[in-house]
Structure formats: structure tokens, C-alpha cells
Amino acid sequence: MAQKVAVLGTGKIGEALLSGMIRAGWSTDDLMCTARRPERAEVLRIRYGVEAVTNTEAAKAADTLILAVKPQDMATLLGELAPHLTADRLVISAAAGVPTAFFEERLPAGTPVVRVMPNTPVLVDEGMSVISGGSHATEEHLLRTEAIFKPVGKTLRVPETQQDAATALSGSGPAYFYYLVEAMTDAGILLGLPRDKAHDLIVQAAIGAAVMLRDSGEHPVKLREAVTSPAGTTISAIRELEKHGVRAALIAALEAARDRSRELASGGA
């Protein structure tokens, strides 16, 4: 029997998932979406040929509900859904920092909940979605979740206790690279390059380095050493990075991101 899937709160991430499922072969007859604004819902209906419904209608009809609203809106949404859900539905959360226990306390007893932390490269099918099952989620529920998220990138299962660390590394990770590219572009301008040429050089270096990391199987230290000639330009640059504590700053930044994820999970503003 076909499984009906509803994406609730279909913003950029939700739309990427919807598009990915369709490309992966899901029938549009088995997909539904909701959006806060009626005009947004109509755009999605026309663009993808899926049914645009209310949250209540989704709760009544869908076998799997993907909740892609902002964390601060989740409690209100669950209050709207709970009266219409039964414990045989799968609830998938894509909200940063919200633990599965938060959902289990507000939904019918025994409802399976899976927590997922995607990152923004799902928009270009190169995302990483980190998956953790709640206390009632089975292997079948985890496989169903992976089938939804794999069309937009890779998936990785971790215990929920590691989700805050995964959020710091992967969920926020693209922002660190954009920050680095921004700084390197400014450096290129300082060194005399036009902005567009500096940008193109750095972006392609980043893409090439990422592909080598992914496909070579080599440790990053070995790949770095292959570029680092004795008394050359690269080692001179790395010496400056170490002198300015870039490695320590990155570790501190990731710890701060992890700690903030924990604060959000505990209800911190």
C-alpha cells in the first residue's frame, strides 16, 4: 500500500524534500504539503502537482508527517495536530534543537518520532541529513526517513545524544565555509585580484578539495601535506594560521554552536 507523506511548513528545506521525493519516483498523488500563506500553498500545488492541504487535513490523511516549521512554532503546530493523530503515524522533525521527547510528550502515546538535522545543501542535492530515532521509532521508521532524505544528499544515523554535536558540525557547517570563502575573497582583493576572479578561484579550489576529501579516502593531513612543499608558499600561510590560533578558534566556535543547540533543546530563548 502506498504511503502518503505530508510536508508541513513547506519553506526552502521542505520544498527541497518535496522536489527530491518526486525526482526519486514518489507519486504526486501520495504527497501533500502545507504552508502558512495560501498563496505559497498555491505556488507549490502548481509547481509540483501535489495537494495543498491544511495542517489538520494532513494529520488526518498522511501516514508520514514531516514537520519543517521553525523550532519556536513547533509547540503550536503539535497542539493543532495531536487531536487528529494516531500512534501508527510516523512524525519526522526537521527542527533544529528540538528533542524527540518534546514530540512524544505532546503526541498520542507510542507515536514514533524521528529527528533529522538537514543542512542547506539539500537545496542542491548535496545535503547531509543526520537522523536519530525516538523511543518508539523502529528500523522500518528509520528506513522510511532515509528514503525521504537520500534524494537530496547523504544521510547519517547517530544516537540522539550526538545530535547537538552534529548540528554544530553539519547543520551550521556550510556557514563556516561561506565565512572562510568570504575572508579569502577579501584577501584575494587585497593581493590585487578583481573580486569576481578571486571568488571563482576560491570556489573551485573548495569544490576540488571537497571532492578529493570525499573520493580519495585519504586523511586530510596527507592531502594537505601533498600541497605543502618545504619552505614554500603553503607552509608560510599555514604558519600564520597557526600563529593566529585559527585551529583553536574553530574548535571554540564548534563548542559554542553545540552549547547553543543544547540551550535551544532545553527551551532557551
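Name the residues in the stretch 84-117 that are under 21 Å from Q3 (Cβ atoms), open to solvent by less than 10 Å² (accessible area, probe 1.4 Å) and part of a loop (DSSP other than H, G, I, E, B), would you?
Answer for the stretch 84-117, where residues must be under 21 Å from Q3 (Cβ atoms), open to solvent by less than 10 Å² (accessible area, probe 1.4 Å) and part of a loop (DSSP other than H, G, I, E, B): T111, P112.
Yes or no, residue by residue, for (1) touching a residue at least 24 places away in the same chain (Cβ under 8 Å); (2) open to solvent by 60 Å² or more (accessible area, probe 1.4 Å):
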| residue | (1), (2) |
| --- | --- |
| G217 | no, yes |
| P220 | no, yes |
| L223 | no, no |
| S229 | no, yes |
| S236 | no, no |
| E242 | no, yes |
| V246 | no, no |
| A252 | no, no |
| A265 | yes, no |
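Check L123 against each of (1) modelled with pLDDT of 95 or more; (2) in a helix (DSSP H, G or I); (3) surrounded by fewer than 18 Cβ atoms within 10 Å (Cβ to Cβ) and name the one condition it does not meet.
Status for L123: all satisfied but (1).
Would you point out which residue out of A16, A62, A75, A35 is under 18 Å from P151 (Cα atoms), under 23 Å from the mean Cα position of the chain (by Cα) and in contact (Cβ under 8 Å) with a residue 12 or more places away in the chain?
Exactly one residue qualifies, and that residue is A16.
State whether the residues of the stretch 4-15 include one that is more than 22 Å from H136 (Cβ to Cβ), surrounded by 15 or more Cβ atoms within 10 Å (Cβ to Cβ), touching a helix residue (DSSP H, G or I) at 6+ places or on another chain (Cβ under 8 Å) and β-branched (V, I, T).
Yes, because at least one residue in the stretch 4-15 is more than 22 Å from H136 (Cβ to Cβ), surrounded by 15 or more Cβ atoms within 10 Å (Cβ to Cβ), touching a helix residue (DSSP H, G or I) at 6+ places or on another chain (Cβ under 8 Å) and β-branched (V, I, T).
Being small (G, A, S), touching a residue at least 60 places away in the same chain (Cβ under 8 Å) and open to solvent by 20 Å² or more (accessible area, probe 1.4 Å) is the filter here, so list the residues in the stretch 149-178 that pass it. Walk me through it before giving the result.
At the first step, the residues of the stretch 149-178 found to be small (G, A, S) are 153, 165-166, 168, 170-173, 175.
Adding the requirement that they be touching a residue at least 60 places away in the same chain (Cβ under 8 Å) leaves 165, 168, 171-172.
Selection gives A165, G171, S172.
Select the helices (runs of 4 or more DSSP H) contained entirely in the stretch 135-254, then report the ones holding at least 3 residues which are of a type in the set (K, R) and over 30 Å from A101 (Cα atoms).
Numbers: elements: 139-149, 163-166, 173-190, 195-216, 220-227, 233-243.
So the answer is 195-216.
I148 - would you say it is closer than 30 Å to T64 by Cβ and of a type in the set (V, I, T)? Give the derivation first.
Values: closer than 30 Å to T64 by Cβ: yes; of a type in the set (V, I, T): yes.
Yes, satisfied.
Does R106 count as closer than 22 Å to Q162 by Cα, modelled with pLDDT of 95 or more and among the basic types (K, R)? Let's see the steps before the verdict.
Numbers: closer than 22 Å to Q162 by Cα: no; modelled with pLDDT of 95 or more: yes; among the basic types (K, R): yes.
Considered against the rule, which asks whether it is closer than 22 Å to Q162 by Cα, modelled with pLDDT of 95 or more and among the basic types (K, R), R106 comes out as no.
The values are calculated or read from the model by the stated rules, or taken from the named source; none is laboratory data. On a predicted model such as this, the values are computed, not experimentally measured, just so you know. For neighbour counting, all protein chains shown are included, and Cβ atoms are generated from backbone atoms with ideal geometry for every residue, glycine included. Protein only, heavy atoms only, side chains kept; ligands, DNA and RNA dropped before computing areas. Shrake-Rupley method; radii C 1.70, N 1.55, O 1.52, S 1.80 Å.
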